[in-house]
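Some notes on the structure that comes next.
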Amino acid sequence: MSMSKIQIYVENSFASLPRTKEVAEVKMNIIESMEERYEALLKEGKNENEAFGAVISEFGSMDEIRQELGISEDQDSPTAASTAGSYPPSIPEELLRGYEAFRGRFAIAITAGVVCCILAIVMQQIFEAIFGEGFLATTIFFLLVAAGVSLFVYFGMQKSYWEEQLQQYQPSAPVYHHRHASRGQDDTLAGRLSGAIMLIATAVFLLLGFLFGLWHPGWVVFPVGGILCGVVSTLLGDRA
Amino acid sequence: MISSDIMRGYNDIMILFLLLEHDSYGYEISKEIQTRTKGIYSMKETTLYSAINRLEKSGYIASYHGSESFGKPRTYFTITNAGRSYYREKCGEWKLTRQIVDYFTSEKEENEHEHE
């Protein structure tokens, strides 16, 4: 059975409290009573939102529970100070702001990575046209691909770091936790997949070139790879 | 609206009073309190369960699992003998408190104050 809105609300409010039998019991009783009040309100003809609002407004304050159960905030996990009596137990503001800023940079970096890969082909073609096939064209091509791949890898790693930081602050907040976690996984996945796609493209290109001398039609793997990267990151929700 | 600080000491009395009538469960207790005070006072969930937890720890009430007719599990509370004597003690305390405060809040005093 999935958790009800009320259950999630109460679980979130209790998230920073130690998980003792006593705390669990109080929590369970409160959920039980709130659910019952909620159903009674629905029977009275209130709609779900009104009923939920009314039930929540009768919840009270977590400080009271803390005091009653003799839980001082100092003994608690570092989370407690920031979540005391507030709902939902929140990530510290600076961290959240930092993360939002990072998400913006991340999107730009991935886009830049894709642009680098596409640019690699374009520049190679231009250099070939001007200086002829040779060292210069190949060098500019590899430099740009390397830059793109580095961007994917570096920002993918940064992303994981931020996700870890966030999860640390949301130990048992099911809804929020899930949302962040899955979003995070998807984003890193987008970064990783993009990296992998471009690596494979490079490998295919080199094999075609060195083994079969097919440098010329072989370069198509890059625009194709670049487009795939774009598709992957769009599909996996890499939008700021 | 009445401040919860003032009511804190008397939440116990209300809960015990209701349990003296019959065993009850959380939602019913809070509903009864609201009804009997004609909606002037309603106990927040955290207040109610803090009090219940304290009363249970002190041995004034005990809990058991019962079920509603639709089979939903429910925790019932019942008053113990220690709870009965604690209730009488609290009632005595309240009478004394009220008597003292009454000396300073009589109608006459209030009116005189207003006419100053």
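The values are calculated or read from the model by the stated rules, or taken from the named source; none is laboratory data. The structure presented is a predicted model; accordingly, all values stated were derived computationally and were not measured. Here the Cβ positions follow ideal geometry from the backbone for every residue, glycine too, while neighbour counts run over all protein chains shown. Side chains included, ligands, DNA and RNA excluded: accessible areas come from the protein's heavy atoms. Shrake-Rupley method; radii C 1.70, N 1.55, O 1.52, S 1.80 Å.
Things worth noting here:
- Legend: residues A:110, A:118, sorted from most to least accessible area (1.4 Å probe; ligands, DNA and RNA excluded), read A:118, A:110.
- Computed label-point distance, nm, for sites residue B:21 and residue A:196 using a 7 Å Cα→Cβ extension: 6.6 nm
- With eigenvalues of the C-alpha gyration tensor scaled by 5 and rooted, the range A:1-71, Å: 24, 12, 10
- For the Cα trace of the range B:17-102, dividing Rg by the Kirkwood Rh returns an Rg/Rh value of 1.01.
- Buried accessible surface for the B/A chain pair comes to about 2000 Å², total over both chains, computed with a 1.4 Å probe.
- Sites residue A:40 and residue B:62, calculated FRET efficiency, Cβ-Cβ separation with R0 25 Å, nearest 0.05: 0.45
- Here the gap between residue A:4 and residue A:19, fully extended at 0.36 nm per residue and compared with their Cα-Cα distance, gives a gain of 3.4 nm.
- Rounded FRET efficiency, nearest 0.05, which uses the C-beta distance separating residue A:204 from residue A:161 and R0 of 25 Å: 0.20
- Taken per residue, the accessible surface of the range B:27-83 reaches 49 Å², heavy atoms only and a 1.4 Å probe.
- Spatial offset of the range B:37-102 relative to the range A:18-38 amounts to 17 Å, using the alpha carbon center of each.
- Computed with a 1.4 Å probe on the full set of protein chains, the accessible area for residue A:205 sits at about 10 Å².
- Short-range pairs are left out: with C-alpha atoms under 8 Å and at least six residues apart, the relative contact order of chain B is 25 percent.
- Amide hydrogen neighbours beyond the local backbone of residue A:214, cut-off 5 Å, H modeled: A:209
- Peptide-level mean, for B:20-31, of C-beta atoms on other protein chains within 10 Å: 3
- Once all protein chains are placed together, residue B:21 keeps about 90 Å² accessible to a 1.4 angstrom probe.
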